[in-house]
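Here, each number is a calculation from the coordinates, and none is a lab measurement. Because the structure is predicted, anything quoted here is derived from the model rather than measured. Cβ coordinates were reconstructed from backbone atoms using ideal geometry, including for glycine residues, and neighbour counts include every protein chain displayed.
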Amino acid sequence: MKKIFALVDCNNFYASCERVFEPKLENRPVVVLSNNDGCIIARSNEAKALGIPMGAPLFKNEDFLKQHNVAIFSANFALYGDLSGRVMDSLEDFTPHVDVYSVDEAFIDLSGIPGDLIAHGTVLKDTVRRWTGIPLSVGIAPTKTLAKLANRLAKKTPDANNVFSLLDQKRRRDILAATDVSKLWGIGRNITPKLNELGIFTALDLHNAPIDIIRKRFGATIMRTVYELRGEPCIELEEQPPDKKTIIFTRSFGHMVTSHDELKEAVSTFATRAAAKLRRHGLLTGCLWVSAQTNHYNTFDEQCRDAISMPFTQPTDHTGALVKATLAGLARLYRPGYRYKRAGVMLFDLIVKERYAPSLFDAPGTERNDQLMKALDTINHTLAAPGCDAVQFGGAGIHANWRMNQTRLSRRYTTRWADLPVVKA
DNA sequence: TCTGGGGTCCTAGGACCC
DNA sequence: TCTGGGGTCCTAGGACCC
């Protein structure tokens, strides 16, 4: 049976999330900022039409945004994560084969579905919108790479109504000829000029390129892209999310940090967050990595960017162990006199806790620690306020100087009782 | 004053082994 | 003068994605 994929993508996802519980924002330009209220990372269609670029720093655009009555939000990832889950659950009603590709995208399998697939995609899109409030686009094609392109066209083609199919071969050829090769999934800004050197400018050029040359010059990944453009699927649907390999928690600070004490508080907090995430995924870490760096945009400051990894003698998910290792690492890389802007904690060598067989030499007391961590997670899940745990280890501290700027945060409408929307009838 | 964060995969080359 | 060859593992760095 011939394979058919669809890529379902939420339109301007973060901006759309902000609109779900504030319908008066409909038709008004909306932007969402990165952590620390730094850059613009999501824009509604109206904001895009104003010419606001992706990734633009807020401080360079604040006047312009005000002038055009743009609604500005700090990133509210608790809200976006929850709404994402609702969209993905809704998709399961249409096909059991859902491959969640990112927070706002999923590939689904439409192989063997009888009838008009455009009509099917339209029903899907309209239903999910009704159930979740989130607008979607659907791209339909014989491979994932072509489905990505179809999705792009679903959004860009005015009369497509957010559903587009590339199943028709003749039409596909014309579209590939009109598509810049850099717009394809997997072709980034470094590969594009190298392809151009070979005379490959459009998606059709790449589709027609000799496989052996592409393989030799660009490797197996781009070779797969060529096959996929030809309609031969090389990238399968992944219904089981692969095991996590790293957990990363890095943040820029709200203000410059120079003291060791304050840096300690920051990285302890990051380690605490990373540990909670580790437990949420049922994993143990074998090695932790701490980093701290100055503000590389500030050319007057002396720059540094240091990192150190701290292996554990036995894999752990205990907050205390992670904080301890983090602080030991920090003590070794901290340099007095530098103005730090950013720090982070990364966990790797992750293993599934259930599958871990403790060694004879492991330290005792693991079970008691597990119970303590469980209690900690439960309390914080129930009581925590935004960006601040209810219960924490002492090292995470009470200073607030390093904490992120988040002055335009919307409420966590769907994940905190206190933030539930109120309806007045 | 103010410029995000979290991830994966692939490849080349060195070390080491037989 | 002549100085193999194949395999694996690891790591760093590059490239991509959202």
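Note on the range A:1-166: Kirkwood radius taken over Cα pairs, Stokes-Einstein applied at 20 °C and 1.002 mPa s, translational D equal to 130 µm² s⁻¹. Rounded to the nearest 500, the 222 nm mean residue ellipticity of chain A from helices alone is -11500 deg cm²/dmol, with -39,500 (n - 2.57) taken per DSSP H run of at least 4 residues.
The number of Lys pairs in the range A:1-166 with C-alpha atoms less than 24 Å apart, excluding pairs fewer than 8 positions apart on the same chain, is 24. The aspartates and glutamates whose alpha-carbon is closer than 15 Å to the alpha-carbon of A:Lys341, local same-chain residues fewer than 8 away aside, are A:Asp37, A:Asp261, A:Glu262, A:Glu265, A:Asp301, A:Glu302, A:Asp306. Each listed q (0.08, 0.10, 0.13 Å⁻¹) maps to a log10 I(q)/I(0) for chain A, found by the Debye formula over equal Cα scatterers with no solvent: -0.57, -0.90, -1.34. As I understand it, the value is the acute angle between the Cα axis of helix A:144-156 and the longest principal axis of the Cα atoms of chain A; what does it come to in degrees, rounded to 10? The angle comes out at about 80 degrees.
Could you compute how fast the range A:247-396 diffuses translationally, taking Rh as the Kirkwood radius over C-alpha pairs and applying Stokes-Einstein at 37 °C with viscosity 0.692 mPa s? Give it in µm² per second. In µm²/s, the coefficient is 204. If you fit an axis through the alpha-carbon atoms of helix A:366-383 and take the longest principal axis of the Cα set of chain A, what angle between them do you get, 0 to 90°, nearest 10? Once rounded, the angle reads 70 degrees. Sequence gap at least 6, Cα distance under 8 Å: using those rules, report the relative contact order of chain A to the nearest whole percent. That works out to 17 percent.
The peptide list A:17-30, A:299-312, A:127-140, A:405-418, put in order of mean Cβ contacts within 10 Å with the highest first, becomes A:127-140, A:17-30, A:405-418, A:299-312. The range A:226-297 and the range A:327-346 have Cα centres separated by 17 Å.
Rank A:Ala47, A:Ala331, A:Ala154 by mean-square fluctuation in a GNM of chain A with C-alpha springs under 10 angstrom and give only the top-ranked residue. Maximum fluctuation in the GNM of chain A, among the listed residues, is at A:Ala331. Put simply, the amide H of A:Met310, placed in the peptide plane, has neighbours under 5 Å in A:Leu288, A:Trp289, A:Val290, leaving out anything fewer than 5 places away on its chain.
Between helix A:211-229 and chain A there is an angle of about 70 degrees, using the helix long axis and the longest principal axis of the Cα atoms.
Gyration tensor over the Cα atoms of the range A:168-242: the corresponding equivalent ellipsoid has semi-axes (square roots of 5 times the eigenvalues, largest first) of 20, 17, 12 Å.
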